[in-house]
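As structure tokens, the structure follows; a few thoughts come after it.
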Amino acid sequence: MKKTVLLLSLAGIVLLSGCSPKLFPKGEAYKGFYDEKPVAVLIMPPINKTTSVDAKEYFHTTLNVPVSNAGYYVIPPFLSMEILKRESAYDAELFLDAPLTKFGDVFGADLALFTIIHQWKKASVVGTITVEVEYLFKSVKTGETVYQRRGGITVNANTSYGQSGLGALVGMAVAAIQTAVTDHAIVGAVCNNVTLQDLPAGKYSPLYEKDSNQRAGQKDFKTSINGSAKSIRKQTANWYSKYTKER
């Protein structure tokens, strides 16, 4: 458990620092959020550009937790998904560059969160699951992008590091089994928790309008996390609150 926590901490550092030494305070990096002062967020159906047909549905169900933890009211995803399907709005790509005022009228949302799944790949033999997702927060009033981030995360379940011979083969076999049974929802939750951990505090957070000087993560990043996706999900579930308390 301690090893997992340490690896997660290192992953958080990678997210915050990225490849570039240039870091910005939240007030600058998330300027659109502070100007817009959103209260309610509508999570749009993910745009799936991969061959993993189940990624879209499962990924959608995991987006609300980190956004809610940050202090925003999230339109209940199951309710919004049913309405969007009924109104022929399930294909979110149709609305990326279209007026969004109708979503404000119907749902009372201030922001629409679009996600584009660029990669969702399992490599069972080496025990890795790689996900690359782009997040776009768009104002329903103006249609402008308030914030955009693209994150690539590799969850590594391989237990054969530092081993050779039979030990390495056994480790690879275990990793293959772990990777095969890891479902989309768990990996989606890990990706969302890590990528959205530094969102500016929303109206329902005690840190609302008090965190603009905290540093923000890079807009584009790639990182890897070692350990089973299930255990990592538990560690990252409340990462937002831990992150803000430490600063």
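The values are calculated or read from the model by the stated rules, or taken from the named source; none is laboratory data. A quick note: this is a predicted structure, and the numbers were derived from the prediction, not measured. Every residue, glycine as well, gets a Cβ built from its backbone with ideal geometry; the counts of neighbours run over all protein chains shown.
In the range 90-123, the residue that is farthest from the chain's Cα centre (by Cα) out of those that are surrounded by 13 or more Cβ atoms within 10 Å (Cβ to Cβ) and charged (D, E, K, R) is K102.
The residues listed here are P76, P99; of these, the one that is out of contact with any strand residue (DSSP E or B) (no Cβ under 8 Å at 6 or more places or on another chain), over 22 Å from E144 (Cβ atoms) and not aromatic (F, W, Y) is P76. Set side by side, the residues A185, A189, A173, A180 differ, and just one is over 30 Å from D35 (Cα atoms), within 13 Å of the chain's Cα centre (by Cα), in a helix (DSSP H, G or I) and at pLDDT below 90, which is A185.
The set of residues in the range 54-75 that are crowded, with 20+ Cβ neighbours inside 10 Å, among the polar types (S, T, N, Q) and farther than 14 Å from V187 by Cα comprises N64, N69.
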